[in-house]
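Below you'll find the structure, written out as structure tokens, and then a few comments.
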């Protein structure tokens, strides 16, 4: 009986030490791997580990500059700033940040019929949210000129995908 108790105690100690050794092994950090030119505005690729949670952000348009003028959303620069500011607040409410965005789709309308989209103004604002010393991560991105969006004075719509470790 004494031998049986000693064997049981040894087995328990062995199981406990094996569990402790296993538990002490740190898990590798879940990190999005990004590639691209250091001076580029966007990443060329973003590889998301399977264990990460993906968050899909619906297309968003700008808020009116003045609530008394509901159809005045401003120019491409002002609309991009409004959208990215709203996106940042939405992500922060979920415990995420702009650095967690891995993919953006940007839809731009030319401010004048038959004209060209103002991608320079959009990029100017974009660079204040991504690839900065405070927030160095840059998402992958597609930027497309479209004929129109929901309202005649809407020039920008942006949708995105973010990734976060669970």
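Some notes on this structure:
- Residue match in the range 15-30 (condition: modelled with pLDDT under 95, assigned to a loop (DSSP other than H, G, I, E, B) and either in contact with a strand residue (DSSP E or B) (Cβ under 7 Å, 6 or more places away or on another chain) or surrounded by 10 or more Cβ atoms within 10 Å (Cβ to Cβ) (or both)): yes
- Members of the range 142-166 found to be at pLDDT 95 or above, in contact with a strand residue (DSSP E or B) (Cβ under 9 Å, 6 or more places away or on another chain) and closer than 18 Å to residue 62 by Cβ, listed by number: 143, 144, 145, 146, 149, 155, 156, 157, 158, 159, 160
- Qualifying positions in the range 54-67 - surrounded by 13 or more Cβ atoms within 10 Å (Cβ to Cβ) and in a strand (DSSP E or B): 55, 57, 59, 60
- Within the range 105-124, considering residues that are surrounded by fewer than 20 Cβ atoms within 10 Å (Cβ to Cβ) and out of contact with any strand residue (DSSP E or B) (no Cβ under 8 Å at 6 or more places or on another chain), the one nearest to residue 57 (Cα to Cα): 123
- Residue 70 vs. criteria surrounded by fewer than 18 Cβ atoms within 10 Å (Cβ to Cβ), at pLDDT below 95 and in a loop (DSSP other than H, G, I, E, B): yes
The values are calculated or read from the model by the stated rules, or taken from the named source; none is laboratory data. Computed from a prediction, not measured in an experiment: that's the story for all the values here. Neighbour counts run over all protein chains shown; Cβ positions are idealised from the backbone, glycine included.
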